[in-house]
Amino acid sequence: MTRLYLRIFLTFWCISALIIVTSNLVIHWRDVNPDNYLQLPRSDRDYDPGRRLLDRIAGSAINRNSAQVMADMQGMPSWSIQSFYIVDAHNEDLLGRPLPAGAEQLVQRLNPSHPSDKLLVENKRLWGRHVTLNDGKSVKVITLAPSSGDIVWQLFISNIWPMLLISVLVSGTACFFVARHLARGLSTLQKATHSIAGGDLSVRVGQRFHRRRDEIALLAHDFDHMTARLEKAMHEQKRLIKDVSHELRTPLARLQVALALARKRSGGIVERELDRIQQAADYLGDVISDILALPVLDNGDWTLDDTLDLAGLLTSCVENFSAEMAREQIQCDYRRDIDEALVATHGNMLRGVLDNILRNALHYTPTAGSISICLDTSAAGYQLRICDTGPGVPADQLEDIFEPFYRTDEARDRKTGGYGLGLAIAQRTIALHGGTIIARNRDSGGLCINIELPQLVTPADT
């Protein structure tokens, strides 16, 4: 039962109840019912509650016999029969009550030739009418204005409230099913939208609306068309990445051959530089291989078939950037509370993640700044924090920086920023390792990247 469902249900129900109650009130006050279609609404001053009650009782009694009139009076609430009297041929009330002052005089004046009259007694107006019942017997109806309120209104409420209650309940039941019918379709679309947001582009909802021909059904078909286009575009994008990666393998292979020839001809003079080139080429080859395997990863066929010491890998990465940090006068506060942090991995992807995050931290940290690195345990396994003292990222873009090809305003220029793939690859890699990666701004300035990876579970641990 969603908020939209409740809004639709309560709105329909309130409108229906308002229409039912209002229409009954108008019928009562304006006398616009089928029985009075020849009678214009009375608005003269002489049409007081006593006169109005007289017309209603006389109109009802004329279609009944004396026994029915007696039964009706006996079945009425005690507060209502205090405002009228029905007198038989012996000038006695049918219920045996004493007549009020002036009523006997008014009764004597009523007869078939003079059927109605009124009398003012002690500032109290009495109304009377001679009525012939359907069994031929005659009675005289005497009414007087009630001391408080409108007796007709009170009788109307007393008689109509069960019908109003039933009508409101019936309308509520109808509104319940209408609201459920409308909200069910929107709820289905909402769940499908959440599935798409979670990465499942294969979801379709059109089949669930095949019996409907309303706007929601049309929206569902448009939704399917949209998801189909998105799924096709995503597949084309992956195929493009795969094709580009295939094309990159050829120049990479040439680079490897040229590097091998350079080693032979250098005589060991530039061996250190060639080792760095070899390391970069190997990393590029691993990245290309993993990109080519991305469609397989989506199907869950990617396995963590290797073991890596995260502490040792982090130490190696920090040493690789030590020369650049020294050149920029950047201090590195590297702390770890554990000597060994074994995690399950696949290939060399975690090295690329750490290299990319450290390079970003080094890039955005100003000269004479500092970078803090901390590795410790957590409830999920191992936690790694890499924080810089750069400008940080706007709060509303902390999640967007993990989207492919997304760069903040400070990194739009390719001379100062990358292509927006590093953190996207990092997030995907960490997710495939069963971990999480988030970004947050430091209170003192700068950006922190928090990574959590599950601890390697060995057979001895289980």
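The values are calculated or read from the model by the stated rules, or taken from the named source; none is laboratory data. What you are looking at is a predicted structure, and each value in this text was computed from that prediction instead of being measured. Note that we place each Cβ from the backbone using ideal geometry, even for glycine, and neighbour counts take in every protein chain shown.
Among helices (runs of 4 or more DSSP H) lying entirely in the range 31-112, which contain 3 or more residues that are of a type outside the set (Gly, Ala, Ser) and at pLDDT 85 or above? Outline the logic, then answer.
On the way: elements: 49-61, 66-75, 103-108.
Hits in the range 31-112: 66-75, 103-108.
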Next on the checklist: Condition first: small (Gly, Ala, Ser), modelled with pLDDT under 90 and either more than 31 Å from the chain's Cα centre (by Cα) or not assigned by TED's automatic domain parsing to the domain that holds ILE371 (or both). Now tell me which residues in the range 407-462 satisfy that.
Outcome noted: ALA411, GLY417, GLY418, GLY420, GLY422, ALA426, SER444, GLY445, ALA460
Next on the checklist: I'm checking my understanding of the structure. Among residues of the range 380-397 that are part of a loop (DSSP other than H, G, I, E, B) and surrounded by fewer than 16 Cβ atoms within 10 Å (Cβ to Cβ), which one is modelled with the lowest pLDDT?
Outcome noted: ALA380
Checklist entry - Counting just the residues of the range 194-222 that are free of Cβ contacts under 8 Å to residues at least 12 places away in the same chain and in a helix (DSSP H, G or I), which one comes out farthest from the chain's Cα centre (by Cα)? => result GLN207
Next on the checklist: Let me spell it out: the conditions are (1) at pLDDT 80 or above; (2) in a helix (DSSP H, G or I), and PRO162 meets all of them except one. Which number is the exception?
Outcome noted: (1)
Checklist entry - Hey, any hits in the range 242-249 for a residue that's under 26 Å from ASN348 (Cα atoms), of a type in the set (Val, Ile, Thr) and either assigned to a helix (DSSP H, G or I) or touching an Asp or Glu at 6+ places or on another chain (Cβ under 8 Å) (or both)? => result yes
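Looking at the range 225-240, can you tell me whether even one residue there is of a type in the set (Val, Ile, Thr) and either within 30 Å of TYR283 (Cα to Cα) or loosely packed, with under 15 Cβ neighbours inside 10 Å (or both)? Let's see the steps before the verdict.
In the first step, residues of the range 225-240 are kept if they are of a type in the set (Val, Ile, Thr); the result is 227.
Then keep just the ones that are either within 30 Å of TYR283 (Cα to Cα) or loosely packed, with under 15 Cβ neighbours inside 10 Å (or both); that gives none.
Looking for residues that are of a type in the set (Val, Ile, Thr) and either within 30 Å of TYR283 (Cα to Cα) or loosely packed, with under 15 Cβ neighbours inside 10 Å (or both), one finds none in the range 225-240, hence no.
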Checklist entry - Mind checking which residues of the range 196-230 are modelled with pLDDT of 85 or more and charged (D, E, K, R)? => result ARG204, ASP222, ASP224, ARG229
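Hey, does the range 122-133 have a residue that's part of a strand (DSSP E or B), modelled with pLDDT under 85 and either in contact with a Leu (Cβ under 9 Å, 6 or more places away or on another chain) or of a type in the set (S, T, N, Q) (or both)?
Of the residues in the range 122-133, the ones part of a strand (DSSP E or B) are 124-132.
Filter again for modelled with pLDDT under 85, leaving 124-125.
Among the residues that remain, those that are also either in contact with a Leu (Cβ under 9 Å, 6 or more places away or on another chain) or of a type in the set (S, T, N, Q) (or both) are: 124-125.
Checked the range 122-133: at least one residue is part of a strand (DSSP E or B), modelled with pLDDT under 85 and either in contact with a Leu (Cβ under 9 Å, 6 or more places away or on another chain) or of a type in the set (S, T, N, Q) (or both).
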Next on the checklist: Within the range 134-146, take every residue that is farther than 18 Å from GLN68 by Cβ and in contact with a strand residue (DSSP E or B) (Cβ under 9 Å, 6 or more places away or on another chain) and give me the one that is modelled with the lowest pLDDT.
Outcome noted: ALA145
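One line per residue, one yes/no per condition, for (1) at pLDDT 90 or above; (2) surrounded by 14 or more Cβ atoms within 10 Å (Cβ to Cβ):
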{"position": "GLY268", "(1), (2)": "no, no"}
{"position": "LEU284", "(1), (2)": "no, yes"}
{"position": "ASP298", "(1), (2)": "no, no"}
{"position": "ASP306", "(1), (2)": "no, no"}
{"position": "GLN329", "(1), (2)": "yes, no"}
